[in-house]
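Taking it in order: structure first as structure tokens, then the write-up.
The values are calculated or read from the model by the stated rules, or taken from the named source; none is laboratory data. Just so you know, these numbers come straight off a predicted model, no measurement behind them. All Cβ positions, even for glycine, are placed from backbone atoms using ideal geometry, and neighbour counts span all protein chains on display. The area values use the complete protein model at the heavy-atom level, side chains included, leaving out ligands, DNA and RNA. Shrake-Rupley method; radii C 1.70, N 1.55, O 1.52, S 1.80 Å.
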Amino acid sequence: MSEQESETEPAELRMSQEVIQTETDLHEEDDDAEDQRRQNDRNLQEGETNHINSSSDVGNSTATVKILLMPERHMITVAFTIGLSILDLKKHFSFKLRVPLDIIKITLDEKSVEDDQTLMDIGVQPHGMVQFEMSSRDPENYPMRPDKPQQEYNMPDVITVRVQTDTETYQDVVVEIERATRGKAFLGGFRHMVTKTEYHNAAVQTMPKKRPNRSNESFSRDTQTVELKHQDQQCYRNASTQMTKIGCYVSNMKDKLITPGTYITAEEYHSKRLRAVITLQSHVRRWLAKCFTDNLRQAKEQHLAWMENEKRRKKEEKEQQVRDEYHRRMNPESKGDFDLLYNALKKWRIEEVERINVTLSGAERKAALCALLEQETQFISSIDQHRMAAGTRNQDKAIQAFLNKSAEPKRWRAFDGKMTQMDTQSTIRAKELRDLYSSITQAQFTKDERLDVLLTLKQTVKEHKCKLTQDIVDLIDREMDLLMRGVKKSNLDGLRKRISTLFLQYIKTPPFNPQVSKLLRVPQDPADLKKNIYLCRGCNEYQSCTDFALNTNASAVGLCHRCMELDNEARQREDFSHYKNILRCLRDTEAECSPDAKITYLLQEQDLRYLVDVLWGAQSALSGWKDLHDLMLVRWEKHLDWSPWNCILLTKDEAAAHLKLENIEKAYDVVVIRNVKQKHALARKYFSQIPTMAACLHNAEIQPGAFGKLPVSKPITKATKENH
């Protein structure tokens, strides 16, 4: 049908076209190829014509099928053969919408429809209409949405026509629009004189009737020339068939007497072949079963070996952990080691007090408590002695680290990724002073070597004249005089200690060593002392802001680091080494996954302790394991950055398995997910007091999509189903 015909149709038909398709295929070919494909589809339908009243086969009749895509509520309308099943409809939309077949769910009046049912089984009449709802079983990964909205209006492939069959009776029929592949010839018509509109005769719009496709080939001399081919045939071997006769003798000495065997019927022959095939299949299946069992056995052995290795590894790690903890207790060096000692002392005292309260009473109990107090005092004194020795060792290490840091060259990364180093005058000066200090503190030099070092030091400090340099020069002259007099080295230890101390003070003076100005804690400018200075409520001293430990929810400055350490040793005696290890492991993991992460560096040991002990109960959220050495915090949803409201406390093995999950909702039970969400809500409420973290709490609201334009599709027939 064309626009010229639609203007000249009689009024009694009252044709109303409802354009029910509004989206075309994204990869639609040109018009000629598309019309040729439609013509081929019709030829494959056993002579089915486009006129809806001439269909003799009810199963090949089409009906209007409306598909409502949920939850966007986009409408797709197609002409579908009622003899095809719901599975065919799913295959078509799986191809068109580019989604897997198994996630498509089709319902009718909120009831699921079976795949083997056809439109006729549902009750759809030829040329009728039915509406289904189509939704996705996995809306996050495969949402149901049309490919592309229509940008301009195109003539649809299917229209609904209302025809008057009686005075007050109307019938809605479905008509497929055919687009001609040939140029339209002018066969008559007229032109309106006012509007200049051309009206063509109806014969122009009628496609020529196509002859039915016959299965047998037919040739005609008028249009077809048969190709003939002549070829001679010759036997492979010539043999004589002459028999004995008068005048011809043929010897029969080499003739053989052939006796016919037992006649074998076709049934016996096929039964013999069947037995042979069964024998071959038995051996092949036996071989396949043997290969399968061997693979299972090998997989089982590998799994058992892996479990044994994991068990051995965990046991070795546990033993190494015990040895490391024992070494830390016997040879404490850092603050964490002494916190571990005080925590062990606290546990021992609590156990002893409980034992005394249970076993003794009255005066004996008081005497035992006094003895326990004296023993605890001795332990504390022993710990302090270890602390003093460790402080001396750590002081030498700290001085060497300070000198090495001041002598480091400038480093930066170039555009090609290579690291570039540059020594400045300040770094060269700092390196010379560091080497000279190392030589001064050496005790293995001979007398002549020591004198050379002292002369070098004297020449170095004489470059600047001040009281400090004068004192150093006087001490150097005194040691050189004593060395010339032959004094023993043991008697010079005090003097050498004074020289090294004053020279270290000389190195830490910015006018003599400009590189140390950036490393000193006390600023050289007196005006800077008034900035970021706070009063400690414990020692009543003014200290820098870096000397205070602030929690994430702290609103005022409290105690400094030194007062908090003293209070912890005297009262609580808590060990934060486990929480420090968890926090360090968390920061390392997040630095690899997201280098721009900030939240992990805002948390302190006290905040992590609240997160682990209070929110998660100091145990795994899945197995309930309570050993903090084996626990770690990982992301709950791995595609989001880590935060207190996007984390879960698990063991190391559970964390490795959790990070491999693709869909958390399917992997965990509803109860587990609800408990995790509840803990996330508590963490969000607690940590939202920090402005930086509060900015991360903003979640964009998902706006529901408005109803889009109605999409357009093509008719579905048996031919298109076979092509898909």
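Please list Leu296, Leu84 from largest to smallest accessible area, probe radius 1.4 Å, with all protein chains kept in place.
Final ranking, largest accessible area leading: Leu296, Leu84.
How much space per residue, in cubic angstrom, does the convex hull of the C-alpha atoms of segment 343-393 take up?
Spelled out: Cα convex hull of segment 343-393, divided by residues, is 49 Å³.
Name the residue from Ile278, Thr262, Cys248 whose Cα lies farthest towards the positive end of the charge dipole of segment 248-327, charges +1 on Cβ of Lys and Arg and -1 on Cβ of Asp and Glu.
The residue sitting most towards the positive pole is Cys248.
Using only the alpha-carbon atoms of segment 66-167 as identical scatterers, what base-10 log of I(q)/I(0) does the Debye formula give at q = 0.15, 0.17, 0.23, 0.24 Å⁻¹?
-0.68, -0.85, -1.37, -1.45
Taking R0 as 35 Å, what FRET efficiency do you get between Gln678 and Asp641 from their Cβ-Cβ distance, rounded to the nearest 0.05?
About 0.95, to the nearest 0.05.
Could you do me a favour and compute the accessible area per residue for segment 434-527, 1.4 Å probe, result in Å²?
61 Å²
Need the list of lysines near Lys91 for cross-linking: C-alpha distance under 17 angstrom, and skip anything on the same chain fewer than eight residues off.
Reachable lysines: Lys66, Lys105, Lys714, Lys718, Lys721.
If you rank Val487, Val461, Val322 by how much accessible surface each has, with a 1.4 Å probe, what is the order from largest down?
Per-residue accessible area, sorted high to low, gives Val322, Val487, Val461.
Shape call for segment 583-703 from the C-alpha gyration tensor, a ≥ b ≥ c root eigenvalues: rounded (a/c under 1.5), prolate (a/b greater than b/c) or oblate?
Note, shape of segment 583-703 comes out rounded.
Could you give P(r) for segment 407-515, binned at 10 Å from zero, as whole percent values over all Cα-Cα pairs?
Pairs per bin, as whole percents: 13, 41, 25, 12, 6, 2, 0.
Through the Karplus equation 6.51 cos²θ - 1.76 cosθ + 1.60, θ set to phi - 60°, convert the phi angles of segment 636-644 into ³J(HN,Hα) values in whole Hz; use x for Gly and Pro.
6, 10, 5, 7, 10, 5, 5, 7, x
For a quick check of understanding: with a 1.4 angstrom probe and all protein chains in place, what accessible area in square angstrom does Met484 have, to the nearest ten?
Met484 has an accessible surface of roughly 130 Å² with all protein chains in place.
Suppose every Lys and Arg Cβ carries +1 and every Asp and Glu Cβ carries -1, with no other charges. What dipole size does segment 231-367 come out with about its Cα centre, to the nearest 20 debye?
I would put it at about 500 debye.
Express the carbon and sulfur contribution to the solvent-accessible surface of segment 544-675 as a percent, rounded to the nearest whole number, probe 1.4 angstrom.
So the carbon and sulfur contribution to the accessible surface is 52 percent.
Pairs Lys405/Lys458; Lys405/Lys488; Lys447/Lys497; Lys290/Lys660; Lys508/Lys580: which are spaced more than 29 Å apart, C-alpha to C-alpha?
Correct reply: Lys405/Lys488; Lys290/Lys660; Lys508/Lys580.
Over segment 461-509, what percent of the accessible surface lies on carbon and sulfur atoms, probe 1.4 Å?
Ligands and nucleic acids excluded, carbon and sulfur give 51 percent.
To the nearest 10 square angstrom, how much accessible area does Cys539 have with a 1.4 angstrom probe?
Per-residue accessible area (Cys539): approximately 40 Å².
Carbon-plus-sulfur fraction of the accessible area of segment 319-398, 1.4 Å probe, in percent?
Roughly 56 percent of what the probe reaches on segment 319-398 is carbon or sulfur.
Keeping all protein chains in place, calculate the accessible area per residue for segment 639-679 (probe 1.4 angstrom), answer in Å².
So segment 639-679 comes to 59 Å² accessible per residue, rounded to a whole number.
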